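The values are calculated or read from the model by the stated rules, or taken from the named source; none is laboratory data. Treat the numbers as computed from the prediction; the structure is a model and nothing was measured. Please note: Cβ atoms are built from the backbone with ideal geometry, for glycine as well, and neighbour counts cover all protein chains shown.
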Amino acid sequence: MATHKFIVSAEDQQWIDRYGWKSVSDVLNCASDDVAAVSRSSDVVHVSIDSAMGGPESVFVKRYLYNRRSQRIKQMFRGTLFGKSRARTEYEFLQEMCSRRVPTVRPISYGEVRKGAFLRESFIITEGMEGVQSLDMFALNARQNKTVNRETKNSIILGLAEIVRRMHQAGVQHGGLYWRNILLRQQAGCGYEFWMLDPDSSGKLYDSSVPLAGIVSDLSHFMASAMSLDARGGLGRFMRAYLQVSRLEDKHRQLIARVLQSAKDLASQERRRMAVTEAIDWFRGRVSLAQQQSEEIRSYATLEEFFDVLGSSEVVSSDAANKKLVIHFSFSDVEDSGGKGQHCLLMDKGRVAVGSSSDSRPDMTIRTDSQTWLSVISGRPDAYARLRAGRLRMQGDTKYLHFLVKHIDEVSRSARPNSV
């Protein structure tokens, strides 16, 4: 028999009741079209709250959904038999960060479902914040649109260094200080404000400042995100501001070397994760824009239809138009005999060609199955679940993903409704 635990902070109990969240199941089954993030074992949905409820304007619900046996077995060692669940750990960690005056999202509630000793599902609710954006998506958009000047970049670097230093001085080792776990918002006058979220289960709390090993660990995660975005240019300024020195000495350079060495081992994994984040972000943007303009996203029934339509285009509307690009698709559920499971998209000087192979090294590789790709590119509702299940992998230079999706949308709009 399953047991449920539903813990709500005292100040939020009344509006939670009025909203209708009476049980763990109510929260786990909440409906929202605004999916903020997905991973293999969790998703995050943004839920708007009616002001009449007396609570916050919105909340984020992070749901840990252990659908596969391998996920449940892993949780035996991460909160099921030998400690707290990830949801409870994060809830209590965020509470402590708030008490230490580290800027972070406010935790509201957490819940668990267990069958015997085994954790089946869990969630954490945090207060929503208006006008914020994760640092990784801010950086991606800034790179694509070239909207951040040097003065703004320096302001952000100094602000990040200050908040990370304050966190470490407060004795908080985050444990997962990737850019996706840092929120920022532009202030009314000038500058930016920052918040930390999603502390990892490997994070630690100390009675005094975080020791050197913890600093290296957090900064390694931070730099892994920078490496995955080719954004290492401000490292020196960041470290000088973080260390509060005007000039880096040998001991400081040794610290940086340790950070970079550790970050290299994490950068490739973070790059793959960020590629999926990009896919989700553009997928949400495309669906939202289509809804606002009362338009339908072209739906593709087969891979052949998708590549036939894409390969019929001759105009590449991008600053990458003058560069030859090779994007390689690999579909796991399609026979490879005769090259049917492999497609290479070649974009060169305003022309697009689709082939089964290419002698050039691909600029980007997309690995998935046909149904996942067709769901994502057609804006179908099941795309979120497929992305959350980890059915999309990307390697190489992911900055071309934005160009590819934009080009596909333009080709779809210009194509005749029934053309193939």
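Across the range 114-133, what is the number of residues that are in contact (Cβ under 8 Å) with a residue 60 or more places away in the chain, crowded, with 16+ Cβ neighbours inside 10 Å and not basic (Lys, Arg)?
9
Just one of the numbered conditions (1) surrounded by fewer than 16 Cβ atoms within 10 Å (Cβ to Cβ); (2) modelled with pLDDT under 80 is not true of Ser332; which one?
Exception for Ser332: condition (2).
From the set of residues in the range 227-265 that are among the hydroxyl-bearing types (Ser, Thr, Tyr) and farther than 16 Å from Ile156 by Cα, which is surrounded by the fewest Cβ atoms within 10 Å (Cβ to Cβ)?
The qualifying residue surrounded by the fewest Cβ atoms within 10 Å (Cβ to Cβ) is Ser246.
Does the range 160-173 include one or more residues that are in contact (Cβ under 8 Å) with a residue 40 or more places away in the chain and in a strand (DSSP E or B)?
Yes: one or more hits.
Considering only residues that are surrounded by fewer than 18 Cβ atoms within 10 Å (Cβ to Cβ) and in contact with a Ser or Thr (Cβ under 8 Å, 6 or more places away or on another chain), which ones fall in the range 9-31?
Ser9 - this is the single residue of the range 9-31 that is surrounded by fewer than 18 Cβ atoms within 10 Å (Cβ to Cβ) and in contact with a Ser or Thr (Cβ under 8 Å, 6 or more places away or on another chain).
Within the range 268-278, is even one residue farther than 18 Å from Ile408 by Cβ, modelled with pLDDT of 90 or more, out of contact with any Asp or Glu (no Cβ under 9 Å at 6 or more places or on another chain) and surrounded by 17 or more Cβ atoms within 10 Å (Cβ to Cβ)?
There is no residue in the range 268-278 that is farther than 18 Å from Ile408 by Cβ, modelled with pLDDT of 90 or more, out of contact with any Asp or Glu (no Cβ under 9 Å at 6 or more places or on another chain) and surrounded by 17 or more Cβ atoms within 10 Å (Cβ to Cβ).
Given the conditions (1) of a type outside the set (D, E, K, R); (2) farther than 20 Å from Leu235 by Cβ; (3) without any contact (Cβ under 8 Å) to a residue 24 or more places away in the chain, which single one is not true for Val148?
Val148 satisfies every listed condition except (2).
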